[in-house]
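Coordinate-derived values only; no laboratory data. What you see is a predicted model, and the numbers here were worked out from it, not measured in a lab. Methodologically, a virtual Cβ is constructed for each residue, glycine included, from the backbone with ideal geometry; neighbour enumeration extends over all protein chains shown.
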Amino acid sequence: MEHGIILENRENLTVTAVADVKNFDDESVDIILTEGGLDVKGRNLKIIQLDLEEGKAVLSGRIDSLVYTKKKTGGKGLLSRIRGSLFGKKGQR
């Protein structure tokens, strides 16, 4: 999957080749890409869309910086943590 970024008016960000989201709050979003990572910093950040099957994330808010990082390892991504809290350790509710 090819990676791409579209940033519009420093307020709307579309990222492709997204594997997961490691952490997020209203000032920071740590995205795990298929190859490496992307740290987004800003204010009033919101994840509008996260489609891991398509490998796409859409964010809104004031985007102040985008920084590529080495491949993120360890820890669980957002989707893994949500699944774990919903279904417990053995995948059963």
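In this simple spin-label approximation, residue 9 and residue 23 carry label points 7 Å from Cα along the Cα→Cβ vector, and these lie 3.1 nm apart. Taking amide H as placed 1.01 Å from N in the peptide plane, the amide H of residue 11 sits under 5 Å from that of 63, each at least 5 places away or on another chain. Name the residues whose placed amide hydrogens come within less than 5 Å of the amide hydrogen of residue 19, ignoring near sequence neighbours (fewer than 5 apart) on the same chain. Placed amide hydrogens put 32, 33, 34 under 5 Å from residue 19.
Taking θ as phi - 60° and the Karplus parameters 6.51, -1.76 and 1.60, the scalar couplings of region 10-23 work out to 6, 10, 10, 10, 10, 10, 10, 6, 8, 9, 5, 10, 7, 9 Hz in sequence order, x denoting glycine and proline.
Counting only other residues whose beta carbon sits under 12 Å from that of residue 11, what net charge do I get with K and R as +1, D and E as -1?
That sum, taken over residues with Cβ under 12 Å, equals +2.
Put simply, the amide H of residue 27, placed in the peptide plane, has neighbours under 5 Å in 45, leaving out anything fewer than 5 places away on its chain.
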